[in-house]
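Working notes, structure below.
The values are calculated or read from the model by the stated rules, or taken from the named source; none is laboratory data. Note that the coordinates shown come from a computational prediction; the quantities given were computed from them, not determined experimentally. Cβ sites come from the backbone with ideal geometry, for glycine too, and all protein chains shown count toward neighbours. Side chains included, ligands, DNA and RNA excluded: accessible areas come from the protein's heavy atoms. Shrake-Rupley method; radii C 1.70, N 1.55, O 1.52, S 1.80 Å.
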Amino acid sequence: MKRITIAIDGFSSTGKSTVAKELANKLEYVYVDSGAMYRAVTLFAMEHGFITENIFNQNDLIKNLKDIQLEFKFNTLLGFGEMYLNGKNVEKEIRSLEVSKLVSKVAAISEVRKVLVEQQQKMGAKKGVVMDGRDIGTVVFPKAELKLFMNASAEKRARRRFDELTKRGDDVSFDEILKNVEYRDYIDSTRKDSPLYKADDAIEIDNSDLNLEEQFEIILKIVKKRIRES
Ligand code: DC
């Protein structure tokens, strides 16, 4: 069966990574969570004091980009690649609200995007890849055989994120999460470099009122059809 490139874009917390992981497992494709890469760069910037809630020394981060080594190492128990920053597993840290609050600012820097986009294109060069993010169908793989654009209301997305963070023991409020979701939507879709938008040839999936099984069933049908036609 022909192996294709599947690009999944959309607003934050629309369940892109859940769908992407499931698809990758089902099709035996590589899954790449490009957001994890922007999150890891943000964590690096935080650890080095380049960014806080009040300051952002962009030039220091840009100068030190060459010292950032990112790698996904497959965890057989979890069934996906976990993010390693300079040899350390940072999967948990990069999902914190602190990182979520700052990541959009880091992701708006063109020098950061250039480095990460190049790495993403290499990871997908052999096809058989499912990659999720904000610019996968528009910038990273504009020729992807299948592009999906996921959407859901901000309240639904904040509720999912809130449940995820409280389940793992983080002390967060729903309002704070909702504000963060709306703030990231705004920054991600209005930034100058590679803003989030739906590619003309992307298929939009609004999952506000779909459960995971219903959504996966719809998407799997689309994927199988596209693989047959490719
Ligand atoms: O998908 P996520 O929420 O983990 O992504 C974290 C941030 O990284 C998000 O606010 C926007 C940014 N991002 C991006 O600009 N481009 C991508 N391809 C993926 C993520």
- So residue 218 fits all but one of (1) free of Cβ contacts under 8 Å to residues at least 60 places away in the same chain; (2) closer than 23 Å to residue 118 by Cα; (3) more than 13 Å from the ligand (Cβ to nearest atom); (4) among the hydrophobic types (A, V, I, L, M, F, W, C); what number is the exception? (2)
- Query: So which of 185, 163, 201 is open to solvent by 80 Å² or more (accessible area, probe 1.4 Å) and more than 21 Å from residue 71 (Cβ to Cβ)?
  - Reply: 201
- If you take the residues in the stretch 114-136 that are assigned to a helix (DSSP H, G or I) and open to solvent by 10 Å² or more (accessible area, probe 1.4 Å), which one is farthest from the ligand (Cβ to nearest atom)? 122
- Between a first residue in the stretch 12-32 that is farther than 17 Å from residue 221 by Cα and of a type outside the set (Ser, Thr, Tyr) and a second residue that is open to solvent by less than 10 Å² (accessible area, probe 1.4 Å) and within 11 Å of the ligand (Cβ to nearest atom), which pairs have beta carbons less than 7 Å apart while being 6 or more apart in sequence or on different chains? 15/150; 32/120; 32/131
- Going by the structure shown, is residue 173 more than 16 Å from the ligand (Cβ to nearest atom), closer than 19 Å to residue 19 by Cα and open to solvent by less than 90 Å² (accessible area, probe 1.4 Å)? no
- Are any residues in the stretch 204-215 surrounded by 11 or more Cβ atoms within 10 Å (Cβ to Cβ) and either over 27 Å from residue 100 (Cβ atoms) or free of Cβ contacts under 8 Å to residues at least 40 places away in the same chain (or both), and if so, which ones? 210, 214
- Message: Just to be sure before I move on: is residue 228 within 12 Å of the ligand (Cβ to nearest atom) and outside any loop (DSSP other than H, G, I, E, B) in the structure I sent?
- Response: no
- Filtering the stretch 137-170 for residues that are within 16 Å of the ligand (Cβ to nearest atom) and in a helix (DSSP H, G or I) leaves a count of 15
- Can you name the helices (runs of 4 or more DSSP H) wholly within the stretch 1-94 that have at least 2 residues being among the hydroxyl-bearing types (Ser, Thr, Tyr)? 16-27, 34-47
